[in-house]
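The values are calculated or read from the model by the stated rules, or taken from the named source; none is laboratory data. Fair warning: this is a prediction, and the values are worked out from it, not measured in the lab. Positions of Cβ are backbone-derived with ideal geometry, glycine not excepted, and every protein chain shown enters the neighbour counts.
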């Protein structure tokens, strides 16, 4: 327990916490089991707003629970503790030919935080959210009980915890289905488009051929140029080959 100040990504609002605890092992009991004092898990604090904060309540910092428990090299199933970061997983899995199925805008988030916020990435249109690739997780409740949750076991807890912002309990560990990749290289093309209508055309054309798409929009453009910007599309390749998009560069 300590009194350090913990913030969210935007560093606002400023929040005062009653106590801050550090969970060291997934086998450790939760502090204040069966207590009415509010308790919320806290990972690396990359959440927007105040969703990872607990005004006048208690926080459990999970970053010490960062151990990889099991990895199947044939199926790509990875089980790890909830404080493991996406960076930890990428450093381990990419040299072995596997990649996270969904990556948000930063790798400096914990697995528990990624599940609690059900984060999405630039392949959302193809592969959905982070929670779509979680086969099961172990959940500790404030009454001291622990539950293995999956689409077929404790399904209410499973569904409520994914995107539940830590309100159902503390995720102790999780099993993730990684994605097989041919190489660590990404082939990316950036296309300039002139207005919002061209954007929708590009987005529709890129849906099938590219796993990752994102657009940077000129927020000051008006009139016929409204919505103009850069459309970026990417796919993982074995070799670098040039792909010429119908719209050109």
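Of everything listed in (1) surrounded by fewer than 19 Cβ atoms within 10 Å (Cβ to Cβ); (2) at negative phi, the single unmet condition for residue 114 is (1). Selection of helices (runs of 4 or more DSSP H) fully inside region 106-223 by the criterion of at least 3 residues being over 28 Å from residue 25 (Cα atoms) and over 22 Å from the mean Cα position of the chain (by Cα) returns 196-206.
Suppose we filter region 210-226 for residues that are closer than 30 Å to residue 183 by Cβ and surrounded by fewer than 13 Cβ atoms within 10 Å (Cβ to Cβ); how many remain?
The number of residues fulfilling the criteria is 1.
Residue 201 meets the conditions (1) more than 21 Å from residue 111 (Cβ to Cβ); (2) buried (at least 16 other Cβ atoms within 10 Å of the Cβ) in every case but one. The failed one is (2). Among the residues of region 99-110, the ones that are out of contact with any helix residue (DSSP H, G or I) (no Cβ under 7 Å at 6 or more places or on another chain) and surrounded by 23 or more Cβ atoms within 10 Å (Cβ to Cβ) come to 1 in all. When residue 206 is tested against (1) more than 28 Å from residue 70 (Cα to Cα); (2) loosely packed, with under 15 Cβ neighbours inside 10 Å; (3) modelled with pLDDT under 95, exactly one condition is not met: (2).
Tallying residues that are touching a strand residue (DSSP E or B) at 6+ places or on another chain (Cβ under 7 Å) and on the phi < 0 side of the Ramachandran plot within region 155-182 yields 18. State which residue is modelled with the lowest pLDDT when the search covers only region 227-246 and only residues that are surrounded by 15 or more Cβ atoms within 10 Å (Cβ to Cβ) and farther than 18 Å from residue 181 by Cα. Residue satisfying both the conditions and the ranking: 245.
The number of residues in region 68-92 that are part of a loop (DSSP other than H, G, I, E, B) and either surrounded by 19 or more Cβ atoms within 10 Å (Cβ to Cβ) or under 18 Å from the mean Cα position of the chain (by Cα) (or both) comes to 4.
One residue stands out among those in region 43-67 that are in contact (Cβ under 8 Å) with a residue 60 or more places away in the chain and in contact with a strand residue (DSSP E or B) (Cβ under 8 Å, 6 or more places away or on another chain): the one that is surrounded by the fewest Cβ atoms within 10 Å (Cβ to Cβ), which is 44.
All but one of (1) more than 21 Å from residue 63 (Cα to Cα); (2) loosely packed, with under 15 Cβ neighbours inside 10 Å hold for residue 167; which doesn't? For residue 167, the failing item is (1).
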